Structures are given as structure tokens and as C-alpha cells.
Protein chains: 2
Amino acid sequence: MDKAMSPKITVELLRQLRQAMKNCKYFSEPIQAYIVPSGDAHQSEYIAPCDCRREFICGFNGSAGTAIVTEQHAAMWTDGRYFLQASQQMDNNWTLMKMGLKETPTQEDWLISVLPENSKVGVDPWIIAADQWTNMSKALTSAGHSLVTVQDNLIDVVWEERPSRPSTPLITLGHEYTGLSWQDKITALRAKMTERKITWFVATALDEIAWLFNLRGSDIEYNPVFFAYAIVGFNTIRLFVDLKRLADPAVRAHLQLDSPSKPELNIQTFPYESVYTELQAICAALGPKDKIWICDKASCALTQVIPKAHRSPIPYTPLCLAKAVKNATEIQGMKMAHIKDAVALCELFAWLEKEIPKGTVTEISAADKAEELRSQQKDFVGLSFPTISSVGPNGAIIHYRPLPETNRTLSMNEVYLIDSGAQYTDGTTDVTRTMHFGTPSAFEKECFTYVLKGHIAVSAAVFPNGTKGHLLDSFARAALWESGLDYLHGTGHGVGCFLNVHEGPCGISYKTFADEPLEAGMIVSDEPGYYEDGSFGIRLENVVLVVPAKTKHNYRNRGSLTFEPLTLVPIQVKMMNTELLTQKERDWVNEYHRRCREVVGAELEKQGRKEALAWLMRETQPIV
Amino acid sequence: MDKAMSPKITVELLRQLRQAMKNCKYFSEPIQAYIVPSGDAHQSEYIAPCDCRREFICGFNGSAGTAIVTEQHAAMWTDGRYFLQASQQMDNNWTLMKMGLKETPTQEDWLISVLPENSKVGVDPWIIAADQWTNMSKALTSAGHSLVTVQDNLIDVVWEERPSRPSTPLITLGHEYTGLSWQDKITALRAKMTERKITWFVATALDEIAWLFNLRGSDIEYNPVFFAYAIVGFNTIRLFVDLKRLADPAVRAHLQLDSPSKPELNIQTFPYESVYTELQAICAALGPKDKIWICDKASCALTQVIPKAHRSPIPYTPLCLAKAVKNATEIQGMKMAHIKDAVALCELFAWLEKEIPKGTVTEISAADKAEELRSQQKDFVGLSFPTISSVGPNGAIIHYRPLPETNRTLSMNEVYLIDSGAQYTDGTTDVTRTMHFGTPSAFEKECFTYVLKGHIAVSAAVFPNGTKGHLLDSFARAALWESGLDYLHGTGHGVGCFLNVHEGPCGISYKTFADEPLEAGMIVSDEPGYYEDGSFGIRLENVVLVVPAKTKHNYRNRGSLTFEPLTLVPIQVKMMNTELLTQKERDWVNEYHRRCREVVGAELEKQGRKEALAWLMRETQPIV
């Protein structure tokens, strides 16, 4: 695998791509620039190897980034999490565009500044989201250029050994995991459609389709999803998927393919690729008032099949919203998954404490050990994202992933940061802990304590019903800001239930403005950090559940919300400068550690994991 | 004046308006709905009497609100500041649409729900902003309706005694007040135009034009502006204004109308009304690459004169941005204005304390006294907005203005809230204090203390350079939220320098997402509140200056900012439950009061205002 932290040499690839950009086999006129977004045709965040086109062309393999190649230039935009990593993975042919910094131009502004007059900018319409297309097209047009669709993907043209699209077996999930049958979900969706006078709904996001049908797959590493589309009308349900996958009798029975209970719950199945022509056929038969719901983040290709007058684009689909609010069964599952996950992490930390002094534990072996311990837990399916196991300066690379050539040995002298999580059949986890196994410096402790203060400020925040998550972001930063510090990433993301570890429509970020209000039952992460380039990284992450809060008053009967931590893993007291904590913050830490003892302690006891239990008891002693 | 808190009877007016909506004298086909926005042709917040069309048709006279009349319905949208007031001023023909509540439909959604198929919705293109037009038009079109321009304003058609447009004398401001000549401002504007490859700039906002030319007027009450447009190219400056106003030799000399220093600084003057035809002429002569800057909040009428290919709409003009960052002269002027203002308020509060027990002071007489005391200060021009002087339940009407029929007597038993400010030639003020002259209840003190905590949290916040004001809004609410309380308005707005008391492009609000980052030299208000309907209102407002902050660290050399209060009026200690304050908050209060003593005390001494000085010294004793 070409995932090394040494730069990928791209001279020859860029030459070939630029040749393709001039090759009239692909379009009527040559294009002067080609955009390579990072997503797939479903705008997935994590993608299958066959879809890693941006990585292929520039070498940078982070989860977010867009490459643009012109005749003279090649540039790649990514956010603060990836500045270091991208600069290490790309060669000199590429300019790194650091998003979020004042001096960094937008893709549009940059294109306008480098392109000759009347240029054509090409993009694969399946890979670019409809809303991105619209914004980009508007900006380019107003500067005298044009954005054009290129049906053949030009990266695929120059990619000789491109892997094929995966088609893994499907897993069916019963009521004990989902709490709601797919039939009930379809019925609820149709009720929303009726309410908004919508006749068709096109589902393109892979996690929404998996959630809707209570199915899971493993087409994309870490994400239990499968390549599919779905179109739902009032009398039909059309599922587009590699038909070979539906041969499994369990799947056939689950979907009632051979004996639908009611005609309107009859699922018609079609090959994955035929979604385009089927949607065309549906559109050809629309009545004048018919409206089709499609997410404005769906592909430009599929969106443009729907005539504008019939298109009703939405920032978040009703499935996305319904999926975000977990039902009682899902919440129970998420709680169980987090207890099991805490057991594995307590074991890991007890083990690390013993092993690190021997000098034999590396970032990779620690990550492997974490996976091994998690895999011993019931219903373990796999990791929910690549483990970030980082020591010292590697900790400052926000989405670092240890590789043989960067692998550092854990020591008593450096801060260790581990951000990891797993998929269990009952839930998804994502937790970050930062620890020191020797004696942390005063500055490391100071920064850790500011991050902890931010974590607590969000976790303990009480806010009115209807509040959007982005309004809480500054709470996480206030203590850092006061000392002139900050971190260049958001504070939290939605977390799926045995689904994607990142999901919409809510989050906690200074960047997110289109987020939906937080509601009881939603699950998000709370993960402020601090990164000292070349020295260390700190992040503290819990997954938290939005719950109703009891307050002294109740203005306009709006009701209040707060968070309940689902993650129950001790936060290292050794890293805290407890003098910087207020009494309220100390109380929070003590109450949190009391719950870790109570809940995870009982499970460790039950599983007979004595060393981990002893570690837990010691690490959760109250601070004064 | 028809500003009573009893509802305006609108049966006959609505009948006439609906008749006009069907009268083909005004358009080719009848319209099914007519929108009446609250602004004027310059999208001013405060407007001249001739432009109070929304008030005329529905009776509601708050500063923000949009009325829509259909054949069957009449509805008016306004925000949380005005819910009570609007419900009292409108009769049963009108439905109050409470913006910001979940159940309230947007104007677009409401129109779509009530209109018959294929309806035409009319609006005066001079009164609606271009961005509002675009959004409304898009929404209506997608639902099968259309938004159409109606050149004759239909409110004017039914408004028999409509006042004429004011044309007050112009005031010229010298360098000692502005710190920058209009010639330098034009040169800086042209530099921005060069930088962004812009050939023309159209100024439509009245405060921007006043700022650009260092001129003031009094066409709009409380706002020292004058009706005008300006168009700036590289070789010409065109000013559109009632030409009679330019007869004054001082104005002629100031603008160098008779002897321009350089050809490119020659101001050509045109009648106010000719801006439309002049802009048409400019557009007719444009080269293919010429671009015109116009604010996307400018009128739809003027925006649409510019062919789309030549239009470069911007959310905030370069004048708006330049005006927001005050120079050293302006900052010095603002400081002086706030000291004079504090002198007047200290006198007012000392006087109230003496007079209230006699039972003779009313909301109106207190407001009059405040104006009288301010008018004794040097360079006083007038008030900067109508004084909100409110007792007990009236305090819960957020933008209350006392009227004879609502006028309450100040007493020892009720909370008194006064939000007032003035225009001085050297600066603009805006300050709110909430006081009790007897013994406040525990609940009143509790709420006041939460509001104070919020005020301090914003005022003392330290944040990185480049932070947008909306990221600070939640700091103002955290203490209220924790107890289940909140307030339904933003936390702060930009403040002009001897200009509008509300100005863009920065502010502190959960609603503002298009705000520009805060910069040293910007001036905003910090004014959280709490309103208990039917009982009392609390608000604490200081005008604060953005200043660099010294921090222990300096992440990525970004630098940090904080606020320095310009308002220096004691905050009533009697209203505080000091036990709810942290030590840091107590320190803030004591340091603030120390500065009030030092700065305002010296001025009171100088002006020989002994009683006020004694009051100040007593009210600023340190709390423990």
C-alpha cells in the first residue's frame, strides 16, 4: 500500500492527467483544469480503494481534501487536521492549500487567479455534490469561465491498476438491535413525504440506506455499509444493489422479497448501475405537481436527472434526521457497546503501564493490542476508523495513523494520544485519551487541563431545546483562548449506531452553520484538543448522549437539554493541573470517575479482568 | 402621531389595498399577495415618516417587521424583541408571526400554504433588498408562483396624507472628528477596487455615504444621515442628493465642488432621483470585463439595473468594513462621548433616587430628564434612538417606548430599565442599566446576576484574531441557560461613530452567520437580558471596543483580542446576588467600578456636578 508518510512522486501521473485533459476523446474541447474531489458517488467520507482517486493523484490519504490540476499548477485543499500529514505526503508538484487560514484562497478564487480567460474546468458529475457544483459553477461563470461535466473519470483513465468495486455479504439486523422494522421506517418516511407533499424520495447516502433497510455490509473499511441506492414512492420501494448479494435466503426473508406482506411494502430490486436510467424513467412519468426529494449533497449527476421544477433539494434528508435521534433500543445498544469498549481500553492502559518501561511497545503494537482487546468483546465487528496511536510529536498530526516508517516507541518521556473506536453489532464507539506514563511537563499539564476544562464545559452545558450544536463550540475553547491557545478542528460530530462514526445532521463546530438543532436521543462526540507542532498532541473525547436537563426555571416552557457521557474511560489525573480546575470542574471529574467505577468496574468484575479492574480503581480515585 | 399601544383599526385600509391589488392600472394582471417590507430604498433600519409603510398598513411601529397581505389574510413577521408590542399594536385583521419560534412558518412557506395555484406576489423593487428578492423569488417559483415587481408602491396609493421626503441641512465634519479626509477614503476605496478588479462601486447605504464624504444630515430621526446615493469609478465620483442642499458654501468648500484638487477627486452632483438613469447610462458603456460592486442588501431595483455579468454583489461593502474599524481619532471621540454620556446618566440616577419616593417621576419624565441632562453636554446633537424607559411589566417589552397611555410611575417596588443613547459630534452612545430604587425580590436579583454573568463573560472574553462575533454569543447565555432561562434577542451590534447606533458588519448573535471577523478598533455593544413577561425586564448594556489582548501563549502567532468597555456607568450592586458571582466576576465588577470612579469621577468633578459625584462614589464601592 502506498500510504507512506514520504511524498508520492507524481511527475509522470500529472503529465498523463494533463495529456488526458487535452484529449478530445473525453470531451468536445480540452479543459484547462480538472477537479478531483475526495468522495465517491455517494459522497461518503470514508471510501473504498477503487474510489481513492484524490489520494492516487496527489499522495495525500486523509479523509478530506480536494485536488485541482491545471496545465501549470496542482493544488490540494484540506483542513487543519491534515496540514502536517498532507505536507509530508505530497511532493513538490503540489501546493498545499490550508483551509481555514485567512491567506488561503478558496478553490474558486484560486482557479480564477490562475486560469487563462474563458477556461473550462472539468469534474466527474458523480463525484461532485450538487450543492458544490452549483457554488463552483456560479463562481466560475461570473469570472468568465465554465464548469463542465466529464463523463469519463480522468483519474481512472490514468490509473492502471484500479481495484474493482467491493460487494461484500449483507448482514440483517433484527428488532433487538434496531428497535424499529424497515417497514415502520418506510411508513414514517412516507408520512413525512405526505406532510411535505413529496411524491418520491431518492436515497443516495450509504448509511441512510443501510439504516432504512436494517442491513449492514462491509464494502467500505470501518463503515458497515454497502453500495446501493434506493428510491421510495408511495406504492413502490426500489433498491439498487449488486443483485448477487440478494441471493442469501436470510436477506431475502428479511426484505420479504419473495412474499411481501403488503403491496406497498414490496421491494423491487435493480442492479446498482441502473439507478440513473430508472430515475430517468420515473422523471419521464411525473405529473405536473410531483416533487422529488433529493439531498443537496447527492451527486450532481443524479440530481440533474430530475427536472428542476420537480426537484426539492434538502440539506438533510428525513432519513438522516430520523437516524440521528436514537430510539430506546439503539441507546441501550450504544450504552452496552461503550461499556465493552471501556473494558478493552482499561485493559489496554493497564497493559501499557506494565509494558512501556520495557521499551517494546510502539504506536503500531499499541494500536494492535487495542484492537485485539476489543475483538475479545461480544458482538465485535471491527474498528470504526483507523486507530490514531501517536507518541510525542506524532500526536500533533491530528489525524495521524502510525505507519512502519513513522512508528515511534512509547516511552516514559512523551505524551501518548490514542483515538480509537469499534463497531459492535449493538453500537459504535469513538474515544480519545491522552496519557503520560512518566512525568508530564508543566506545559503539557497546563494544556491538558485547558482541554479538559473545554471538554467539561461542553459535556456539562445546559441549553434550551432547539439549540444548534455550533452554539456550544466556543464553550470548548474558552479556557484555551484565554491563554492564547486553540485547536483547528471542530469539537464534535454525530455518531451512528453500528453505522458511520461520523454522521449528520448535528455536530459541534465553529464551521457548521447548516446543522439541525440538538434533540434528546441524539449522540455526538465532545473532543476538544491542543496540538503543539513538533512536540505533542492532546485530545479528550467522549461520545455523549443528548438528554433532557432539569433546571430551576423553564423559560417559555421550552425545556432544556444537556449531555450524558456514554464513554466511561478514566481521564488521567496525572495529566491534570488540578489547581487550574474550579470546584465545579473537580466535582465533574469525580462524578465521572465514580460512574466509570460503578458501571465499567462491574463489567470488569463480571469478565474477571482483575488487572484492569485494579487499574480502573486506582485511576478513578477522587481528586481534591 | 399614531404610535399608540392600542391596535390600529385596519379594516378599511386593507379593503383599499386589496382593491389596489386587483386594479390593472398598476400591473398587467392582478396580484394575489403584496409584501410590505419595513425598510426604505436604502434598506435603512430606522426610516423617515414618509417610508413608514409597514407601520401605516398594520399599526406595528417596531424597527423590524414585514407585512404580507393576501386576498384573505394579513400577516406580519417580527422577532422576539417585538412580540408583545406587535400583538398590542395590530388589530384582529392581522396575524402575528413570531420569528425564531419553531412553529412559525417562514414568509415563503406561509405564502405557499395560503396562495391559490399560480399566484403572483407583488413587491416594490426599491424597498426589497436584492438578496431577499432572490430568496423569495426562488421559493415562490419552485412552488409554481411568481414574485413580480410593482413600480407604484401600493401603500402610497392608499396613503392619503403621506409626508414628503425630508431634506435637512448638511453638516461637514473636519479632520479632528473623522481622522481621515473624504479624499483619503475615496483613495482607499479605489485601492480595494483595484485589488479586486472592480471598475465601479455603487453606495446605497445612507451611513456609508455619510461616512465616505464626512458629511452628516438629519433626514432620519436619531440617525445623522441624509438621503443620497454615490457611484465611484476610477476617474469620477458621482453624488446623488437633493441639489438644494449643496447651496451651502461650507458644504461646497468641504466637497471642493468649485475647485477640485485633482480631476479624479472631482465630485459630480446629480439629483437624488437620477441615480437609476445614471446607473443605466454607466452600464450601457461598460467594457466586457468591467465589474460593478453593489451590496447584496441594496435594493432589487438598483441591483437589477446592472447586467448580471457585470454585477459583483458583496455581503458587506468595503465602506462598511472600513467604517467598522475605527481609527485613533474616532476611538478618542467615542471615549469622550461615553464619558459625557456617563456624566449625564450619573446625574439622572442621583436625581431619580431623590425624586422617585415623591411618586412624581414617570417613564416619560425620566426619559425627558435623561435627554435634558445629555443635552447639557458638549457637542450634543440628539438622541441615538428612542429612549426605552420602562418600569415593571413594561420592562418585559423589549423595545418598549413609553407613551402617554402606557406611561407608568417609577416606584420603590418595581424594577426600572433604561436603554438610551445620544449622538454627539464626537461619537455615538448606547447604554442600558437596570435598577431598583427599593428592595428587589430574590428572583429579580437572581435573574439580574445571571445577566451580569453573561455580560462579563462576553466583555472579559479572550479570543483569537479572526474570530467572528457570533461565536461569542453563547458566553452571554450560559449562566441563564443553566437555570433554564434565555432571552430572545442577539447580544450585540456594531455601533457607528456619530453615525447609526446599529451598524454592520459585525455583531454578537446566535442569528448572524454572515458577520465579519472582529478586529481591533471595532466597536460593538454587549447587552444580554432577561424578560419575565408581565413582571419585569433586565438588560445590561455597555458599548465595548475590540482591543488586542495579552495572553500567556500565542498559538500560531495569531494574536488575541478582548473588549474594553467604553461605557462607564455603575452597575447597580443592590441588584446583584453577589454569592452567585465567582471571584473572577467580582474582580471584574470592582475593576469596572474603579475605572468609572477614575474617569467619570474626574469629569464630574471638573463639571462641578457634586450630587452625581457623590452618587457615583457610593455606587462604585468595591463588593467583597
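The values are calculated or read from the model by the stated rules, or taken from the named source; none is laboratory data. Note that the structure is predicted; figures quoted are calculated from it, not measured. Cβ atoms come from the backbone with ideal geometry, glycine included; neighbour counts cover every protein chain shown.
Some observations on this one:
- Residue B:383 being buried (at least 19 other Cβ atoms within 10 Å of the Cβ), of a type outside the set (S, T, N, Q) and farther than 25 Å from residue B:82 by Cα: no
- Inclusion of residue B:473 among residues that are in a loop (DSSP other than H, G, I, E, B), touching a strand residue (DSSP E or B) at 6+ places or on another chain (Cβ under 8 Å) and among the charged types (D, E, K, R) is not warranted.
- Within segment B:395-413, the residues that satisfy the criterion of being aliphatic (A, V, I, L, M) and in contact with a Phe, Trp or Tyr (Cβ under 7 Å, 6 or more places away or on another chain) are B:396, B:398, B:410, B:412.
- Among the candidates A:577, A:557, the residue that is surrounded by fewer than 16 Cβ atoms within 10 Å (Cβ to Cβ) and within 14 Å of chain B (Cβ to nearest Cβ) is uniquely A:557.
- Restricting segment B:483-494 to residues that are surrounded by fewer than 22 Cβ atoms within 10 Å (Cβ to Cβ) and touching a Ser or Thr at 6+ places or on another chain (Cβ under 7 Å), the residue that is farthest from the other protein chains (Cβ to nearest Cβ) is B:483.
- Long-range neighbours under 6 Å by Cβ, at least six apart or interchain, first residue at positive phi within segment B:46-75, second surrounded by fewer than 21 Cβ atoms within 10 Å (Cβ to Cβ): B:59/B:7; B:59/B:8
- Test result for residue A:108, part of a loop (DSSP other than H, G, I, E, B), more than 30 Å from residue A:403 (Cβ to Cβ) and free of Cβ contacts under 8 Å to residues at least 40 places away in the same chain: no
- The lone criterion from (1) outside any loop (DSSP other than H, G, I, E, B); (2) within 30 Å of residue A:227 (Cα to Cα) left unmet by residue A:489 is number (1).
- Within segment B:520-549, being more than 19 Å from residue B:490 (Cβ to Cβ) and surrounded by fewer than 24 Cβ atoms within 10 Å (Cβ to Cβ) holds for B:520, B:521, B:532, B:533, B:534, B:535, B:547, B:548, B:549.
- Residues of segment B:241-264 satisfying the condition of being within 22 Å of residue B:165 (Cβ to Cβ) and among the aliphatic types (A, V, I, L, M): B:241, B:243, B:246, B:247, B:251, B:255
- Residues in segment B:495-541 that are away from every other protein chain (no Cβ under 14 Å), at positive phi and touching a Pro at 6+ places or on another chain (Cβ under 7 Å): B:498 alone.
- Residues of segment A:118-130 classified as farther than 10 Å from residue A:35 by Cβ and either crowded, with 18+ Cβ neighbours inside 10 Å or touching a Lys or Arg at 6+ places or on another chain (Cβ under 6 Å) (or both), total: 6
Residue-wise test of (1) touching a residue at least 60 places away in the same chain (Cβ under 8 Å); (2) under 17 Å from residue B:341 (Cβ atoms).
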site: B:576; (1), (2): yes, no
site: B:589; (1), (2): yes, no
site: B:592; (1), (2): no, yes
site: B:600; (1), (2): yes, yes
site: B:604; (1), (2): yes, yes
site: B:614; (1), (2): yes, no
site: B:620; (1), (2): no, yes
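- Listed by position, the helices (runs of 4 or more DSSP H) enclosed by segment B:166-249 that each have at least 1 residues that are free of Cβ contacts under 8 Å to residues at least 60 places away in the same chain are B:182-195, B:206-213.
- Under the condition of being closer than 24 Å to residue A:499 by Cα, within 14 Å of chain B (Cβ to nearest Cβ) and at pLDDT 95 or above, the residues counted in segment A:272-320 number 2.
- The condition (being in contact with a helix residue (DSSP H, G or I) (Cβ under 8 Å, 6 or more places away or on another chain) and either of a type in the set (Gly, Ala, Ser) or at pLDDT 95 or above (or both)) is satisfied by just one residue among B:188, B:210: B:188.
- Test: residue in segment A:137-158 that is surrounded by fewer than 16 Cβ atoms within 10 Å (Cβ to Cβ), β-branched (Val, Ile, Thr), more than 14 Å from chain B (Cβ to nearest Cβ) and without any contact (Cβ under 8 Å) to a residue 60 or more places away in the chain: no
- Residues (among the basic types (Lys, Arg), assigned to a helix (DSSP H, G or I) and closer than 19 Å to residue B:352 by Cα) located in segment B:583-624: B:610, B:618
- Count of segment A:374-425 residues which are modelled with pLDDT under 95 and of a type in the set (D, E, K, R): 2
- Whichever residue in segment B:460-472 is facing chain A (nearest Cβ under 7 Å) and within 21 Å of the chain's Cα centre (by Cα) and, among such residues, is surrounded by the most Cβ atoms within 10 Å (Cβ to Cβ): B:472
- Hey, residue A:562 outside any loop (DSSP other than H, G, I, E, B), on the phi < 0 side of the Ramachandran plot, polar (S, T, N, Q) and assigned by the TED database to the domain that holds residue A:347 or not: yes
- Considering A:459, A:483, A:441, the condition of being small (Gly, Ala, Ser) and free of Cβ contacts under 8 Å to residues at least 12 places away in the same chain is satisfied by A:441 alone.
- Segment A:359-413: number of residues that are among the hydrophobic types (A, V, I, L, M, F, W, C), outside any helix (DSSP H, G or I) and within 24 Å of the chain's Cα centre (by Cα): 9
- Of the numbered criteria (1) part of a loop (DSSP other than H, G, I, E, B); (2) charged (D, E, K, R); (3) in contact with a Phe, Trp or Tyr (Cβ under 7 Å, 6 or more places away or on another chain), the one residue A:511 fails is (3).
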